[in-house]
Every structure is written in structure tokens, then in C-alpha cells.
1. Out of the range 202-218, which residues are open to solvent by 10 Å² or more (accessible area, probe 1.4 Å) and more than 14 Å from residue 284 (Cα to Cα)?
2. Looking at the range 41-52, is at least one residue more than 25 Å from residue 166 (Cβ to Cβ), of a type outside the set (D, E, K, R) and touching a Lys or Arg at 6+ places or on another chain (Cβ under 7 Å)?
3. Residues of the range 101-110 being farther than 14 Å from residue 274 by Cβ and not hydroxyl-bearing (Ser, Thr, Tyr), which ones?
4. One residue is enough: does the range 176-196 have a residue meeting the conditions crowded, with 19+ Cβ neighbours inside 10 Å, among the charged types (D, E, K, R) and over 30 Å from residue 319 (Cα atoms)?
5. Within the group 63, 67, which residue is at pLDDT 85 or above and either in contact with a helix residue (DSSP H, G or I) (Cβ under 6 Å, 6 or more places away or on another chain) or closer than 29 Å to residue 284 by Cβ (or both)?
6. Which of the residues that make up the range 150-183 are in a helix (DSSP H, G or I) and among the charged types (D, E, K, R)?
7. Considering only the range 313-327, how many residues are open to solvent by 50 Å² or more (accessible area, probe 1.4 Å) and in a helix (DSSP H, G or I)?
8. Of the residues 272, 267, which single one is within 27 Å of the chain's Cα centre (by Cα), loosely packed, with under 14 Cβ neighbours inside 10 Å, modelled with pLDDT of 85 or more and not β-branched (Val, Ile, Thr)?
Amino acid sequence: MCPIGVAVSDKYATVDSLKKRARVYTETTKRSICSTCQNILKVGQDDPRRTIHSLKVGLSLTLVSLLYLLEPLFKGVGENVIWAVMTVVVVLEFTAGATLCKGLNRGLGTLLAGSLAFLFEFIARESGKVFSAVFIGASVFLIGAMSTYLRFFPKVKKNYDYGVVIFLLTFNLITISSYRVEDVLKIARERLYTMAIGSGVCILMSLFVFPIWSGEDLHNFSVSKIEGLAKSIEACVDEYFNEGKPGVVNDTSIEDPIYNNYKAVLDSKSTDETLALHASWEPRHSWHCNPFPWQQYVKLGAVLRHFGYTVVALHGTLQTEIQTPKSVRMLFKDPCTRLATEVSKALMELADSIRHHRQCSPEVLSDHLHQALQDLDTALKSQPRLFLGPNGPNNTANMLALMAATTRSKPEKQLSSVKTESSALSEWRAKRVSKQSVETEGRFLRPTLSKIAITSLEFSEALPFAAFAALLVEVVAKLDLVIEEVEELGRIACFKEFEIGDDVILNVDDRSKMEINLPSYIVD
């Protein structure tokens, strides 16, 4: 082939390569754009209130910006209108309670700081130039130290920390500026006006334009936690008695639905306290104006976390290395499944009662659960040989004798407790010389001793199930604490009392009657 042909073919090859790269780059860009759009839509679909809050923030910023854009408003407010914009950005939070907490803290801190700064500025102005500088420096030091020390008090830190920070910032700005600026009162007044306008817009927007209440979020979060625990317990028991073998450890435990259901409960402490704090700032917004028991929701969250620890232990029995054979597990499948179902029903009833603001159903929480517990107890007592063995005390004695015989094979370990100090020192030196061999020997002997002790027990196969059953009974015991807290919540929040239902009578051919009992909240 001639050189011209080679050059042309190389040129076409280069063009084809560039086209392929451009095509790959285009497809990658399209996939990236599609993925980004899907993520953006997913955020809004997961919680539509996020979109509403975003629009509220944009509308608030637009309203505040009119103070700067419109000439009459700009002349009335002044150039410090930027403080109103900053206030909206900082104060307007997702929920009304958080906005009220920040807005009132900011307003109260600014007002107190301005009043105190004006007092100090008046005292300094009546004095000489030198005394004024000394007085301002001393006041800045004193107020700064006292305000910072005040932030360490737990109640102040929890409720008014943001207000103390704003107080300290505003006081220093006004006090220090008063030494160089003549008309500091005008600047402070304009900043106070703009902050009040910004905070007012935020509060009005949070309370009256599609309000998002922290109390409702705390209420719904408590319901979802109880439902998650109910699903976890039922799923644990179902997986324990399924056809597969429990004890297979998954590396992706975070994707386990059982783990996901109780994880929200274990990590709920900070969320509960934050929502409760913000709910304490919110006004009563229900028609009945019942007090919102935010402290009781926090107590309920603490009890649910303790309940969740037992569920974690129950979930851990599915992944133990020693498992009870399937033939033994199947003997107790029905009573365990029935008990887990009743516990799950009880938790669902508690969640449903909180959701509909009514008292719990005593029938669901007492009779069936007690009967399921009695059935499990009867099933366990019907198989005593699985847990005690044919000769329980003899098995234990044989195990101890085997361990003693194994220990006697190493007399130096038994004699070490009665040796003199000199012999102990010699032994320590000898052990130090052969440290590597001793460590290697220990690594192999200790597991062997454990396996000997375990395999010498005739009832060792039932031990894992005994742990599982004990934890299942412990779940029932912890359930009583949850019921007590939910009942206390209903009493404080004035939940309506549970009614078995109204008798709905239907006439069929004017000869027979059908009675249907419906729960009161469905009838309502």
C-alpha cells in the first residue's frame, strides 16, 4: 500500500476512534444526568414536605428582598435590610417548632443585648474618653465571660443556647461600635427592625402556610418505631423456623430488613430529644387544644430502645455458630410462632392506638398473649429430656471430671499457685524465653478445651433454642413496660377511651339480624 493510502486509513481510524469516544462520553453523560434527576425526584417523593419547605424559603426571601428592591420600603428601613435576609436564611427551619425556637431566641437575645448595650453606652458617654474606653473593655470582658459560662448550664444549653450566642454577638457589635460611631443608636434600631421583620416573616410562614409540626413528626416517629419492632420480632421467629439454616452470617447486614426495622429505634435518642424540644415551643394547634405530652414521648422512646436491645439479642440468635437441629426446633415452632404473632399484634395495637389518639384494646393486650405464653411453657415442659438430659447431674460431673483430667496433664499450671516467690520468678523467666511457643500452644488448646466441654453435654443441641426461647419470653416481659408507657401517654394526652364497638344491625328479609362489631375509630 502506498504511503498516501496508509495515511488516509490512519486518518479514518482516528476519526472512528474519536466518534466511539464521543459516543461513550455522550452515553455516560446521559446516564449521569438521568441518575441525578432520579435522585432529585426521589428526595421529593420520599417526603413531599421538603418541596413545600423549599418553596416557603424562596417565598420568604422574596418578600424580605422587597424591602431592598422597593424604593419606599428601602427609605423607611435603610441599608441594614441585609440583616432581614440573613435572619430568614438562619431562622426558617423545616418545622414550625424549630423556627419558633430559633426566631424567639434570636429576637429575645437581640432585644436584651440592645437594651443592655444602650445602658452601658449611656454610662460611657457621660464619662471621659479614657474612662469610656476602659469601661467598654471591662463590660465586654464581663458580659462575654458571664454569657459563655451561662451556656454550660444544661437547661440553658438545651433551650436558649442560640439566643445567648445572638445576645453576645449583638452586645459586642453595639458596644464596640459606640466608641467610634456617633449615631450608633440609629444603626442598632435599624438592625433590630430588620431582624424583627425577618423573624416575623419566618414565624408567620411556618405557622400559617402549610405548617409542619414537630409534635406530629414525633408522634408519627413513635408509631413507626413500634411498628418496626413488631415486624422485626415476627420476622426473627419466621426466619428461625424457616426451611433454611439460621446462623448464616451476611456481610451486608445493613440491608437486612430485620436490622433496618430496629435500627431506627436504637438510633432514635437524639431525634426524639430534638423533636420534643421543638415541639415544646409549638402552640396547641389541635381543635381540642389538648396539651402535647412531649416529655412522655421521650420516655416512651427510652423504653422502646430498651425493648429494641432485646430484639437485637433475639436477632443475634439467628447467627450463632451452634444451632439447634431442625428436628428439635420444629417441636416448638407452633407455640413460638403464636407467641411472636401475639406480641406483634400487641405492638401493632399500641401503634394503632397512638396513631388514632385512643386508648389501647385490653383484649388484644391480655388474653391472647397470656394464652400464647402458657402454650409455650407447656411445650417446654413436655420435653424435659431435651433440656435436662437423661442424667443431668451425672453429665455435669462427667464434664467436670474430663476438664480436671485435661488440666492434670499440665501440672505446672496447678502448682503455680503454691510455689515460692523464687520459683515463681524462675518460672516467669522460663516462660519469657519460650513466650512464642506458649502463645502458639495457647491458641490451639483453648478452643479445644471449649469444644470438649460443649460436646460432653448431651443436651447441648437444645441450648441455642433455650436461649432463643428465653429471649422471646424476655420480649413479653419488656412488652409490659411499653404498654405502661403507652397507657400513661394516653392518660396525659387525653386519648379517647377504647370502646368495643357499636352494634350495627342489618335487616335481612325483615326476618334475621346480623350484628357486626366495629372499632370506634373506624365508625367515627
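The values are calculated or read from the model by the stated rules, or taken from the named source; none is laboratory data. For clarity, every value in this text was computed on a predicted model and none was experimentally measured. With ideal geometry, Cβ positions are generated from the backbone for all residues, glycine too; neighbour counts draw on all protein chains shown. Surface areas here come from the heavy atoms of the whole protein model, side chains and all, with no ligands, DNA or RNA. Shrake-Rupley method; radii C 1.70, N 1.55, O 1.52, S 1.80 Å.
1. 203, 204, 205, 209, 210, 217
2. yes
3. Hits for the range 101-110 are 103, 104, 105, 106, 107, 108, 109.
4. Yes - at least one qualifying residue is present in the range 176-196.
5. One residue alone meets the criteria, 63.
6. 155, 157, 158, 161
7. Within the range 313-327, residues that are open to solvent by 50 Å² or more (accessible area, probe 1.4 Å) and in a helix (DSSP H, G or I) number 3.
8. 267
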